[in-house]
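Q: Questions regarding the structure given below will be posed in turn.
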Amino acid sequence: MKALLLLVVLIPAIVFAKVDLVKVDKSANKMYLMDGESIIKEYHIALGANPKGHKQQEGDKRTPEGTYTLDYKKEDSAYYRSMHISYPNKQDVESAKKRGVSPGGFIMIHGQPNGLGWSSSMNQKFNWTDGCIALTNKEMDEFMSLVAVGTKIQIEW
């Protein structure tokens with residue numbers, strides 16, 4: 001019984017938490033894994049190279065703003081592991097169509113470029129993606145283990 005009690009005390013609370021929302025504060029370059037109102041994990045993130053404002057079109061280097069869904073995991077890309085954000089939604093598509101542009105897409109939360117994981121201490125100091133959200137490779141492993149496909153993501157400035 002003492003061993004079980006000791007084990008429970010030593011296991012971090014994060015093991016028992018359920019991530020029900022991923023919150024992104026673009027203005028602070030922070031991402032939070034939420035369980036209800038509780039922050040269970042905080043990450044420093046890199047964003048698109050032109051982060052202020054909602055993504056308007058393909059190539060604008062902006063990270064979208066709004067509520068989306070993390071809809072699938074991808075293990076075979078140019079970046080170390082990734083999870084797809086359901087951008088563009090219907091409103092994004094209609095808005096881009098009115099302006100006669102492509103809304104862009106394939107927005108992911110991902111690790112570092114393949115083969116360059118060692119550079120994360122430098123890369124994570126500035127916004128370098130084309131509109132995605134970047135973590136270190138170690139953080140990406142943790143993120144993928146904690147966040148299930150189907151989890152909502154709320155991105156705001």
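Q: Of the listed peptides 36-44, 51-59, what is their order by residue-averaged count of other C-beta atoms within 10 Å, with the highest listed first?
A: Ranking, from highest mean packing down: 51-59, 36-44.
Q: So how much slack lies between LYS30 and THR67, counting 0.36 nm per residue of separation and subtracting their Cα-Cα distance, in nm?
A: 11.7 nm
Q: Can you work out the Karplus-derived ³J(HN,Hα) for every residue in segment 92-105? Use 6.51 cos²θ - 1.76 cosθ + 1.60 with θ = phi - 60°, whole Hz, and x for glycine or proline.
A: The phi angles translate into 4, 5, 5, 4, 5, 4, 4, 8, x, 10, 7, x, x, x Hz.
Q: Please give the net charge around GLY150, taking every other residue with its beta carbon less than 14 angstrom from that of GLY150, where Lys and Arg add +1 and Asp and Glu add -1.
A: +1
Q: Still on this structure, I have one more. When VAL149, VAL19, VAL24, VAL93 are ordered from fewest to most other Cβ atoms inside 10 Å of their Cβ, what list results?
A: Ascending number of Cβ neighbours within 10 Å: VAL149, VAL93, VAL19, VAL24.
Q: Structure shown: which of LYS18/LYS61; LYS30/LYS61; LYS30/LYS138; LYS73/LYS97 lie over 20 Å apart, alpha-carbon to alpha-carbon?
A: Violating the 20 Å Cα-Cα cut-off are LYS18/LYS61; LYS73/LYS97.
Q: For GLU42, what charge total do you get from the other residues with a beta carbon under 14 Å from its beta carbon, if Lys and Arg give +1 and Asp and Glu give -1?
A: Result for the local shell: -1.
Q: Give me the mean projected area, in nm² to one decimal, of the convex hull enclosing the Cα positions of the chain.
A: If you wrap the Cα atoms of the chain in a convex hull and average its projections, you get 10.5 nm².
Every number here is computed from the coordinates shown, using simple stated rules; none is lab data. Fair warning: this is a prediction, and the values are worked out from it, not measured in the lab. A quick note on method: Cβ atoms are made from the backbone with ideal geometry, for glycine too, and the neighbour counts reach across all protein chains shown.
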